[in-house]
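None of the figures in this text is laboratory data; all of them are computed from the coordinates on show. Since the model is a prediction, treat every value here as computed from it, not as a measurement. As a convention, Cβ positions derive from the backbone with ideal geometry for all residues, glycine included, and neighbour counts pool all protein chains shown.
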Amino acid sequence: MLRKFTNLKGFININPLDLNCIEKLENGIKNLGFIGLKLHPRLQCYSLKNPKVKELVNAAGNLDVPVLIDAFPDGTHLMQGFSPLNYSELALSCPNTKFVWAHFGGHYVLDFMMLAKRLRNVYMDFSYSLLYYRDSSVISDMIYCMKSMKFEKIFYGSDYPDRSIIKSYQMSIDVLKKYGLNDDELHKIMYLNASNFFNF
C-alpha cells in the first residue's frame with residue numbers, strides 16, 4: 001500500500017510484548033517503508049511502565065523514527081491505570097526518541113500540556129479529541145493549551161481510518177475557527193508543525 005501511494009506515510013503498529021518486536025520494527029522501517037512506530041496500550045492492553053515498552057521505544061530512537069502513542073483516556077484506559085505520568089516517565093527515559101502523544105490527552109489535556117512543556121522530545125496531536133469533546137468544556141481547555149504553547153509542538157490528526165479524512169478535517173477547521181484561531185495559527189497546527197516534525 002505504501003509503495004503504491006507514495007504520498008502516504010505509515011507508522012507500524014507493534015505490540016512491545018510480542019516476540020521479536022524489535023526485529024519487526026527494524027524490518028518495517030528498513031524494508032517496508034514505514035516512518036515511525038505506533039503504540040496502542042489501551043487496545044493492546046499493556047502498561048507503558050513495562051520494561052519491554054522502553055526497549056522498543058529506544059530501538060525506534062536508534063532508528064531515528066518517532067513514536068506515536070495513543071493517549072486517549074476512555075473508560076477502558078482509565079480502568080487500566082491511565083496516567084499522564086506514565087507518558088512523561090517513558091519520554092524522560094528515552095531522551096533520544098521523539099514522541100507524539102495522540103489525542104492531546106483527552107480531558108487530561110492540561111496535564112499533558114504541562115508535561116510537554118518540560119519535555120523537548122514530546123509533541124502532541126489533537127486527533128479525535130477535538131471532535132469528541134466539541135460540546136464540552138474540554139474544548140476550551142484544548143484551545144487554552146494551544147495558546148499557552150504558542151501553537152508549537154501541536155498538530156492536527158484525522159484519526160483515519162476510524163474517522164473520515166475529509167469530514168474530520170473540515171469539522172476540525174470549523175471548531176478552531178469558532179474559537180477564534182487566525183490563519184497563521186491554523187497554518188501552524190494544521191500543516192507547518194507536522195511538516196517540521198516529519199521533515200517533509
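Over the Cα atoms of the range 24-172, compute the convex hull volume and normalise it per residue, giving Å³.
Residue-normalised Cα hull volume stands at 114 Å³.
Please report the net charge: other residues with Cβ closer than 13 Å to the Cβ of Tyr123, K and R +1, D and E -1.
+3
List the trypsin sites (Lys or Arg not before Pro) within the range 134-200 that DSSP assigns to loop and that have no more than 13 neighbouring Cβ atoms inside 10 Å.
In loop regions of the range 134-200 (DSSP not H, G, I, E or B), the sparsely surrounded trypsin sites (Lys or Arg not before Pro) are Lys150.
Scan around Asp125 for amide H atoms under 5 Å from its own, H built in the peptide plane at 1.01 Å from N, and keep only partners 5 or more places away or cross-chain.
Placed amide hydrogens put Trp101, Ala102, His103, Phe104, Phe155 under 5 Å from Asp125.
Among Gly10, Pro41, Leu85, which residue has its Cα furthest toward the positive end of the charge dipole of the chain, with +1 on Lys/Arg Cβ and -1 on Asp/Glu Cβ?
Most positive-ward Cα: Gly10.
I'd like the trypsin sites (Lys or Arg not before Pro) in the range 33-118 restricted to DSSP loop residues with at most 12 other Cβ atoms within 10 Å, sorted by number.
Answer in residue order: Arg118.
Using the Cβ atoms and a cut-off under 13 Å, what net charge is assigned to the surroundings of Lys178, where Lys and Arg are +1 and Asp and Glu are -1?
Residues close to Lys178 contribute a combined charge of 0.
Based on Cβ point charges of +1 for Lys and Arg and -1 for Asp and Glu, what charge dipole magnitude is obtained for the chain about its Cα centre, in debye rounded to the nearest 20?
280
Anything over 31 Å Cα to Cα? Flag those among Lys30/Lys177; Lys9/Lys147; Lys30/Lys153; Lys9/Lys167, in the order listed.
Pairs exceeding the cut-off: Lys30/Lys177.
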